[in-house]
Protein chains: 2
Amino acid sequence: MKTFQVIFQPSGRRGDIAEGKTIIDASRELGVGIESLCGGERNCGKCKVRLESGHLSPFTEEENEFIDEKERALGYRLACAAQIWSEALIFVPEESRIGRQVARKEATRRSMALKPAVSLYEVELPPPTLHNLLGDFDRLQKALRENYSLPPLEIDHLALLRLPSVLRQGRWKATATVWMDKEIIDIRPGKAAAIYGFAVDVGTTTVVAYLCHLQTGELIATEAIMNPQVIYGEDIMSRIAYTTNRPEGLETIHRSIIEGLNRLIETLTQQCRLRPEDILDVTVVGNTVMHHLFLKISPEFLGLSPFPPVIRRSFDVKARELGLTVHPSAKIHVLPVEAGFVGADNVGVLITEEPYHQDDRLLIIDIGTNGELVMGNRKKLMSASCATGPALEGAHIKYGMRAAPGAVERIQIDPRTWKVRFKVVGQDGWNDEIRNPEAKGICGSGIIDGVAELYRTGLIDKTGRFRKDIPTPRLKRSDGVPEFVIAWKEETSGGRDITISQQDVRNVQLAKGALYTGAKLLMKKMGIEELDRVVLAGAFGSYVDPQKALILGMFPDCNLNRISAVGNAAGDGARIALLNREKRIEADEMARRVEYLELTNEKDFQDEFINALALPHGRDPFPHLKGIVEEAILNPGKPLKI
Amino acid sequence: MKTFQVIFQPSGRRGDIAEGKTIIDASRELGVGIESLCGGERNCGKCKVRLESGHLSPFTEEENEFIDEKERALGYRLACAAQIWSEALIFVPEESRIGRQVARKEATRRSMALKPAVSLYEVELPPPTLHNLLGDFDRLQKALRENYSLPPLEIDHLALLRLPSVLRQGRWKATATVWMDKEIIDIRPGKAAAIYGFAVDVGTTTVVAYLCHLQTGELIATEAIMNPQVIYGEDIMSRIAYTTNRPEGLETIHRSIIEGLNRLIETLTQQCRLRPEDILDVTVVGNTVMHHLFLKISPEFLGLSPFPPVIRRSFDVKARELGLTVHPSAKIHVLPVEAGFVGADNVGVLITEEPYHQDDRLLIIDIGTNGELVMGNRKKLMSASCATGPALEGAHIKYGMRAAPGAVERIQIDPRTWKVRFKVVGQDGWNDEIRNPEAKGICGSGIIDGVAELYRTGLIDKTGRFRKDIPTPRLKRSDGVPEFVIAWKEETSGGRDITISQQDVRNVQLAKGALYTGAKLLMKKMGIEELDRVVLAGAFGSYVDPQKALILGMFPDCNLNRISAVGNAAGDGARIALLNREKRIEADEMARRVEYLELTNEKDFQDEFINALALPHGRDPFPHLKGIVEEAILNPGKPLKI
């Protein structure tokens, strides 16, 4: 029987599905929750999904009732009607998701200074007469100079083409949209209406977009999708390989992110009853490879030592040049990158956290598929990049999943009874407080909690190995590999025990070891003995429990009160740059100032890495864990020194 | 029998041709000379022509032998094989023209200061190392700053995409092409090669293009075509109407000039064994309507009082935005316009003649389908526009034709014998010095000569009426209308007498009356009693005999030694702006400074125009014609006072 790989977005769940199965069948096999009131009878219309790529069986008459022309053009189908005819990438819109996604994409509430790059200017012009023969543009320019002291401006070619009819339509009253006091990018008749901006964080795995009101700074909608490029490779190295191994590779992978963003633009503007043309400014952050692919720049040399980027400085490009379907004359501001592996996303974190204005010796960890570190204060800043892999995001973990409904996000283990309490995304209480916990898997914050608790309670030792002498049925073996049961099958929706396996622990150790090594080598290089503060950023940064992260040894010892999680600081940086043009200048300055440390060049790298694999560390002391870990391991019996 | 209108370029000859006739038959009917060694047997391949629009019979096998794939794609056909199946616009390339065109398009030799807007910078960059992690672009930028003191530069998106491979291909030696010290528009590996610029004068009827070497300033090729927009209207008002009356009108007429220019680019670069991508800068002049249509700006309001242009200031736009097939990152610099009817072509004349640097009270007349006047000196400059019509270009004249081989371009009439001497374009002597004069028609300079001579010799009177009492067989009637034979049928290639008719004289009077009126009203407005100097510009400006122009009264009296013809000064202006960026700034300043006078608003307009119809004028004295016209009219008998 022929099977095809099917991937569901935004959950990222994937698997091989037999040809001819319906999407809803596939979703059930893969544990993706799609609404279906009628039970697949094609008469409730609740199971609408959108085909992102691949072929399905032809559109049916029943689907016509629920899917209008416009949706059909966008690729919408009923999951109960459409059959899998090829490899397919399928997006489940929020309204079709069971329980809906408890988005981990909420933008952090921050107060942001408002000085957008794009401003509106209302003018009233004297109409042309035989004695006032200025051209329409020159007339507009003069009014902008006289009323607003604007310098001589350029005008976008498309805006110029619309100018004569707009001025007359508004009876010589018009509103000009001006970019950076340099170029008129839009002109509308009469008074000013609201204009909007679009800020995006293009992650290797997740793309988060924010729609903001440019005059008030208000965040009016936000949405996250899986980066559609995942079908061309899970990590940045495989994406680079895809572009270098195929003649059309770069074009394909570039188009894929642009089309993904265009769908996000469509979704976000529809939610707010706006049109894509109402978006007049765009800012983009992303790691260096995502940055290059977004701009259609070959990332080939980012994959070869010494990994130089093609452009570090920020770059402005017309939306229409890239085919981004916002206002065609809008400019896209792509934030600068720091180095081959420290990208514009890290610059976003920088301008959000502003370590360069602080005295505290700060460590910022941006946890994504790649971990990026910035260390320092107003005196000096250094950065490094660590290959953490996706384990901390819940991928490459036996029961790993994204932070979608059903994901275990918090774990507590009783050090005497080994009873496990857990909390599931989208459910209101702990598993012992609600009727049906229905766990589906474990997400990033859950796996960090889980491994930290396994260690705190002595279920695993300092090396990460499961201890065999602990009398609990939760400690079992699967194919000879030890694992620990987090949720009994009665507590799951899949009917199977959800566990953390020895391999999962190893993957977490590798990831946290890479982060620790990076931080340690930066401290050595900078002569820092102790960190004053640690900031955890990243898409799931706000969900990481700082104490658990410290127990794992994700970073060197630090006062627990001085460890904070700030959420998606990279995305916040994109929003800050969208709303405040001065932060764009700051970003360019700071990106230049941060010194990049290539960790693998450091002679201590191997030694530090091996020691960093242990929990929390092979030799470094963790005074701030006193009273937390010791106490736990004293209770069950055999003491384990830190 | 069905007929279709067929137009041949560049001659502009046109007529109705029966369906199914071959192009070569059509060319013979219309007097267009196409080479054909084999006599239409389809085996010499000399009669290649290019279909610009319309349908022809299908491509034949015989044509395959002479027309390669690339030519075929461009629309090339053998004129002896292809039949007319619809209205058609056919371009006869120079190599297929009988006798070849004696182009009146030679660029005036002027010394031009060389400071192009686009410059090449050779650099050698230190390759990236682990200790020098600048991005490719930032590395290039740094080298340009250090070696050439260039300010921070932008880079064109397409150039950025090519940057990484080019730098490595040239082993970190590269040449950057920089526009206006602002933007890197091209990057090539290794040392600098030659780069070229393209300057164009888009006339209502004729388009003249110049290909220049940007480093030496040398003019390396020039070519003229008929403006392909003529099929949408002969004059600017009908072109405006075409764009406003049809939904796709503006797009169609804009595409038509862009495609025409793209063919010119193809032709000129092929002639010089270059590629269109070698052209890295473009300048454009043209009257205001041509300017708007080139930029795809609606000319609607240029047709309505007070005729304001949409943009007066110069405008820079990427070639790829307009679809011009030079280097895609090249910028097009469109010179500023002065007013609705005084265009960028006049600005070209201005920066060529520089009246603003002179003390002489100067009148510059740019003769085209519209006449444009500039008057003044360093103290003050005014401009005006006159609706001359195309008579002075040889159109709307009974035997009028463009200045192509066979056109009578010089006429002398003996005041005693009324014997006519004439000189034909492409022939080496006067008609009485060579064996077969073979005149085909009369071009602009010929018609000016002819009417001036008719008047000087007393064959027509001051009012332009033919005198009936002169005993010469050359004075005859056709359909009751008097006409004067310039070439007897034995001296022509068409076998018919070539004459100047009463109607032709009237058309010349209307045209010259309009010019005179404009100049006179400008003098009144500026308080100028006498002109110090007159400059005749325009595509055929250099071929006008200043004395004959004065005899006609094309402009107020002036010392004959101070009347000069400068050729296509508008086109020269485009070349000057191509080669010297400082002249672009000067053009913007001067275009603003020139004050436009709307002639039809002047209360004396009608009165002045009626008096200006007489030869040379109804009442104004022409002291500088003393000894020229009087002497002539004394001889034949009846004196005619000026």
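Taking the range A:471-495 as the range and being surrounded by 14 or more Cβ atoms within 10 Å (Cβ to Cβ) and at pLDDT below 90 as the test, the residues that pass are A:Ser493, A:Gly494. In the range B:142-159, of all residues being farther than 25 Å from B:Ile279 by Cβ and of a type outside the set (Asp, Glu), the one that is nearest to the other protein chains (Cβ to nearest Cβ) corresponds to B:Pro152. Filtering the range B:249-265 to residues that are in contact with a Phe, Trp or Tyr (Cβ under 8 Å, 6 or more places away or on another chain), free of Cβ contacts under 8 Å to residues at least 60 places away in the same chain and either within 18 Å of B:Glu94 (Cα to Cα) or surrounded by fewer than 16 Cβ atoms within 10 Å (Cβ to Cβ) (or both) leaves only B:Thr252. Considering only the range B:339-397, state which residues are in contact (Cβ under 8 Å) with a residue 24 or more places away in the chain and of a type in the set (Lys, Arg). Once the filter is applied, which keeps residues that are in contact (Cβ under 8 Å) with a residue 24 or more places away in the chain and of a type in the set (Lys, Arg), the range B:339-397 yields B:Arg361, B:Lys380.
Among the residues making up the range B:411-447, those that are surrounded by fewer than 20 Cβ atoms within 10 Å (Cβ to Cβ) and assigned to a strand (DSSP E or B) are B:Gln412, B:Arg421, B:Trp430.
Just to check your reading of the model, which residue among A:Ile486, A:Ile470, A:Ile413 is of a type in the set (A, V, I, L, M, F, W, C) and within 28 Å of the chain's Cα centre (by Cα)?
Details: A:Ile470 fails: within 28 Å of the chain's Cα centre (by Cα); A:Ile413 fails: within 28 Å of the chain's Cα centre (by Cα).
Step by step, each of A:Ile486, A:Ile470, A:Ile413 is checked, and only A:Ile486 is of a type in the set (A, V, I, L, M, F, W, C) and within 28 Å of the chain's Cα centre (by Cα).
Residues in the range A:39-51 that are buried (at least 21 other Cβ atoms within 10 Å of the Cβ) and either assigned to a strand (DSSP E or B) or modelled with pLDDT under 80 (or both): A:Val49 only. Which of the residues spanning the range B:97-119 are buried (at least 18 other Cβ atoms within 10 Å of the Cβ) and modelled with pLDDT of 80 or more? Listed by number, the residues that qualify are B:Pro116, B:Ala117, B:Val118, B:Ser119.
Looking across the range A:313-340 at every residue that is more than 11 Å from every other protein chain (Cβ to nearest Cβ) and of a type in the set (Val, Ile, Thr), the one that is surrounded by the most Cβ atoms within 10 Å (Cβ to Cβ) is identified as A:Val326.
The set of residues in the range A:183-198 that are assigned to a strand (DSSP E or B) and either farther than 18 Å from A:Lys331 by Cα or modelled with pLDDT under 95 (or both) contains only A:Pro189. Scanning the range A:284-296 for residues that are at the interface with chain B (Cβ under 9 Å from one of its Cβ atoms) and touching a His at 6+ places or on another chain (Cβ under 7 Å) yields one hit, A:Lys296.
Do we have any residue at all in the range A:220-242 that's over 21 Å from A:Val347 (Cβ atoms), within 14 Å of chain B (Cβ to nearest Cβ), free of Cβ contacts under 8 Å to residues at least 40 places away in the same chain and not small (Gly, Ala, Ser)? No, the range A:220-242 contains no residue that is over 21 Å from A:Val347 (Cβ atoms), within 14 Å of chain B (Cβ to nearest Cβ), free of Cβ contacts under 8 Å to residues at least 40 places away in the same chain and not small (Gly, Ala, Ser).
For the range A:204-218, taking the residues that are in contact with a helix residue (DSSP H, G or I) (Cβ under 7 Å, 6 or more places away or on another chain) and not in a strand (DSSP E or B), the one that is modelled with the highest pLDDT is identified as A:Gly217.
Each row is one residue, and each column tells you yes or no for (1) part of a loop (DSSP other than H, G, I, E, B); (2) touching a residue at least 12 places away in the same chain (Cβ under 8 Å); (3) surrounded by fewer than 23 Cβ atoms within 10 Å (Cβ to Cβ); (4) within 14 Å of another protein chain (Cβ to nearest Cβ).
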| position | (1), (2), (3), (4) |
| --- | --- |
| A:Thr267 | no, yes, yes, no |
| A:Leu274 | yes, yes, yes, no |
| A:Glu277 | no, yes, yes, no |
| A:Asp281 | no, yes, no, no |
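Cβ-Cβ distances below 6 Å connect the following pairs, each with a first residue in the range A:297-312 that is over 17 Å from A:Asn245 (Cβ atoms) and more than 7 Å from chain B (Cβ to nearest Cβ), a second residue that is of a type outside the set (A, V, I, L, M, F, W, C) and part of a loop (DSSP other than H, G, I, E, B), and a separation of six or more residues or different chains: A:Phe307/A:Gly340. Here A:Val202 meets each of (1) within 18 Å of the chain's Cα centre (by Cα); (2) without any contact (Cβ under 8 Å) to a residue 12 or more places away in the chain with one exception, condition (2).
From the list A:Leu140, A:Leu134, exactly one residue is buried (at least 20 other Cβ atoms within 10 Å of the Cβ), closer than 29 Å to A:Lys318 by Cα and at pLDDT 95 or above. Which is it? Spell out how you get there, then give the answer.
Numbers: A:Leu134 fails: at pLDDT 95 or above.
From the options A:Leu140, A:Leu134, the qualifying one is A:Leu140.
On the stretch given as the range A:142-157, residues that are touching a strand residue (DSSP E or B) at 6+ places or on another chain (Cβ under 8 Å) and not in a strand (DSSP E or B) total 8.
Tally up the residues in the range A:1-38 that are under 22 Å from A:Ala439 (Cα atoms), part of a loop (DSSP other than H, G, I, E, B) and free of Cβ contacts under 8 Å to residues at least 24 places away in the same chain, please. Talk me through it step by step, then tell me what you get.
If we filter the range A:1-38 for residues that are under 22 Å from A:Ala439 (Cα atoms), which is where we start, we get A:7-15, A:24-37.
In the following step, the residues that additionally are part of a loop (DSSP other than H, G, I, E, B) were identified as A:10-13, A:30-33, A:35-37.
Filter again for free of Cβ contacts under 8 Å to residues at least 24 places away in the same chain, leaving A:37.
So the count comes out to 1.
Which of the residues that make up the range B:68-79 are hydrophobic (A, V, I, L, M, F, W, C) and modelled with pLDDT of 90 or more? So that I can check it myself, show each step before the final result.
From the range B:68-79, those hydrophobic (A, V, I, L, M, F, W, C) are B:73-74, B:78-79; that's our starting set.
B:Leu78, B:Ala79 - these are the residues of the range B:68-79 that are hydrophobic (A, V, I, L, M, F, W, C) and modelled with pLDDT of 90 or more.
Selection of helices (runs of 4 or more DSSP H) fully inside the range B:581-634 by the criterion of at least 2 residues being modelled with pLDDT under 90 returns B:629-634.
When each of B:Ser385, B:Ser305, B:Ser329, B:Ser298 is tested for being in a strand (DSSP E or B) and among the hydroxyl-bearing types (Ser, Thr, Tyr), the lone residue that passes is B:Ser385.
Against the condition touching a strand residue (DSSP E or B) at 6+ places or on another chain (Cβ under 9 Å) and within 14 Å of another protein chain (Cβ to nearest Cβ), how does B:Arg593 come out, does it pass? Answer is yes for this residue.
Taking the listed residues A:Leu280, A:Leu324, A:Leu293, the one that is more than 24 Å from A:Ala117 (Cα to Cα) and not basic (Lys, Arg) is A:Leu293, with no other qualifying. For the subset of the range B:559-588 comprising residues that are surrounded by fewer than 19 Cβ atoms within 10 Å (Cβ to Cβ) and among the hydrophobic types (A, V, I, L, M, F, W, C), which member is nearest to the chain's Cα centre (by Cα)? Of everything passing the filter in the range B:559-588, B:Ile585 is nearest to the chain's Cα centre (by Cα). Pairing each residue of the range B:164-175 that is on the phi < 0 side of the Ramachandran plot with any residue that is in a helix (DSSP H, G or I) and aromatic (Phe, Trp, Tyr), provided the two are 6+ apart or on different chains, yields C-beta distances under 6 Å for B:Pro164/A:Phe301. Scanning the range B:112-141 for residues that are in a strand (DSSP E or B) and within 13 Å of chain A (Cβ to nearest Cβ) yields B:Thr129, B:Asn132.
Once the range B:160-175 is narrowed to residues that are buried (at least 22 other Cβ atoms within 10 Å of the Cβ) and in a helix (DSSP H, G or I), the residue that is farthest from the other protein chains (Cβ to nearest Cβ) is B:Leu167.
The values are calculated or read from the model by the stated rules, or taken from the named source; none is laboratory data. Note that the coordinates shown come from a computational prediction; the quantities given were computed from them, not determined experimentally. Cβ atoms come from the backbone with ideal geometry, glycine included; neighbour counts cover every protein chain shown.
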